[in-house]
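Worksheet for the structure shown next.
The values are calculated or read from the model by the stated rules, or taken from the named source; none is laboratory data. Here the structure is a predicted model, which is why all the values come from computation and not from measurement. Glycine gets a Cβ as well: all are built from the backbone with ideal geometry, and neighbour counts include every protein chain shown. When the accessible area is computed, the model is the full protein with side chains, heavy atoms only, and any ligands, DNA or RNA have been set aside. Shrake-Rupley method; radii C 1.70, N 1.55, O 1.52, S 1.80 Å.
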Amino acid sequence: MKDTTIAAIATFPAVSAIGVIRVSGKDTQKIVSGIFYPNNPDNRFVPNSAVPGKIKDGPEILDEAVLTFFRSPRSFTGEDTAEISCHGNPYILYSIMNLLIKNGCVPAGPGEFTKRAFLNGKIDLSQAEAIADTIAADNPAALKLAMSQLAGRERSAITGLRKGILDLLARVEAEIDFAHEDIERTSRVDAAAAAAALAEKVKLLVKNADEGIMLKQGIRLVICGRPNTGKSRLLNTLLKKDRAIVTSMPGTTRDIIEDRMVIDGLPFRLIDTAGIRAARNPAEKSGIKRASAALKTADVIIFLIDGSSRLSKTDSGLYARIKNKNIVVAINKSDLRQRTTAGKASGFFPLPPSCPVVKISALKNTGIKDLTNAVKNIIISKAAPVPLGEVLVANLRHKTCLKRAAAALGAAVKALGKNSFEAAAFDLKEAAVAAGAVIGEISSDDVLDGIFKNFCIGK
Ligand SMILES: Nc1nc2c(ncn2[C@@H]2O[C@H](COP(=O)(O)OP(=O)(O)OP(=O)(O)O)[C@@H](O)[C@H]2O)c(=O)[nH]1
Ligand SMILES: [Mg+2]
């Protein structure tokens, strides 16, 4: 694969001011020379400078363009790389791509430029993944996480941990090799304590990973309640747009309605659901099934109650299903005569004293700040405190590797407890491999293909 010279349109192929095509591989200069003619012929492949010229297919000029050439190894991929900036016309971009292919380029697969950067040692695997996250980040928290990973903070943390494991492994192996000699270099107790300390560090990373993943993907905030309590109106009020249908007929919403919103820098996926009740209509029944599924995966639930009507068995039945989740109770329709107050609701269910209850009117837009503050406080108080300057893992693959490392370290502690340096050495090796997999110290083709297939083409 590394012998080929790849090309791809790197910008979105739509009508725009500028479009960029990227070329990378050992034949970059040869292939690009056949299609790009600089206005000043001496300037064709001056590294790191923008050279204006023309793209030609034989005598025919296809476009005016600017070529930027990066000489190996000082390029993103580590190979000779060219970036052709032309006019952002999809027809031109595809014509140039065809021309490059005619001259010997191969169309790049998803993430192939980044994969080459990884294989050529320009970046580690966690940084490669951070590039995809940076492109996909749609909120400040996700971007901050991706940037920290891209800067190599996770890599240094993992490298440090792995070094700690390997140092301990060396000490344990010395004990095995010199077992017949009288002097004990490392006592079992010391080795077990060192393994336990490493396990604790890894466990903290695993514990915080859920928070990182949640921040990256958006916190799932589900609005639920019996029909007609004003869930869809609340969704529209929170989003400040007319997203969901609102009617006075109970059973209006059927499908899950989802949209993104940011509360004080925290990214949320706001989800409106069908009102839950004993329904007969098959469409409504299916909607309620979907609502129930959404409740299971919710990070926080807004349990919406209609303050203008009395509480019923439908409300208590629903509460029984969600009471172990993170809930904020919102009593809606505060602009109407109230039949259900916060006090009444607390006694009816009964709510634990820690459960926040807010009074709102989705229609008149009152109490909404109290509601979003209550939601935000739940996230802040439930999240494991991440020490300042610590790394936050925000990737499921990394979390899985780290979990394996923690388990292997735990097994090493146990083995040392039983006086088995041999078994401990085996476990420590496993822990080092698992931690190393985060940054791609050892990774199989399958793992790499799985990671890069989710990239966009041209990256
Ligand atoms: N007065 C008043 N009416 C409200 C308020 N919020 C919602 N409503 C009204 O209550 C009715 C139901 O609102 P929806 O938002 O459709 O209720 P829902 O909970 O989504 O209902 P389903 O989708 O059927 O489960 C509509 O007529 C809304 O205008 C409020 O704060 N005050
Ligand atoms: Mg609705």
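Quick look at the values:
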item	result
Relative contact order %, the chain, counting alpha carbon pairs below 8 Å whose residues are six or more apart	17 percent
The range 192-324, dipole about Cα centre (Lys/Arg Cβ +1, Asp/Glu Cβ -1), debye to the nearest 20	420 debye
Carbon and sulfur %, accessible surface of the range 102-242 computed with the full protein complex present, 1.4 Å	56 percent
The range 197-257: trypsin sites (Lys or Arg not before Pro) in DSSP coil with no more than 12 other Cβ atoms inside 10 Å	Lys240, Lys241
Square roots of five times the Cα gyration tensor eigenvalues for the range 292-367, Å	20, 14, 12
Taking the range 271-343 and dividing mean pair separation by its residue count, relative contact order in percent (alpha carbons under 8 Å, at least six apart)	32 percent
For the range 114-245, size of Cβ-based charge dipole, Lys and Arg +1, Asp and Glu -1, in debye	1400 debye
Isotropic mean projected area of the C-alpha convex hull, the range 8-137 (nm²)	7.9 nm²
Listed residue (Leu304, Phe118, Val32) projecting farthest to the positive dipole end of the chain, Cβ model	Leu304
Length-normalised contact order for the range 182-304 - Cα pairs under 8 Å, 6+ apart - percent	30 percent
Ellipsoid semi-axes in whole angstrom, largest first, where each is sqrt(5λ) of the Cα gyration tensor of the range 198-298	32, 17, 8
Residues of the chain: accessible area per residue with a 1.4 Å probe, Å²	48 Å²
Accessible surface of the range 1-73, 1.4 Å probe, proportion on carbon and sulfur as whole %	57 percent
Kirkwood-type radius of the range 125-211, with distances r between different C-alpha atoms, in Å	15.4 Å
Rg and Dmax of the range 253-394, Cα atoms only, in Å	16.3, 54
Share antiparallel - DSSP beta bridges, the chain, percent rounded to 5	65 percent
Point-charge dipole on Cβ atoms (K/R +1, D/E -1) for the chain, about Cα centre, debye to 20	2820 debye
Subset of Lys163/Lys376; Lys201/Lys414; Lys240/Lys399; Lys144/Lys453; Lys216/Lys344 violating a 28 Å alpha-carbon distance limit	Lys163/Lys376; Lys240/Lys399; Lys216/Lys344
Cα coordinate range in the chain, projected on the principal axes (Å, largest first)	83, 82, 39
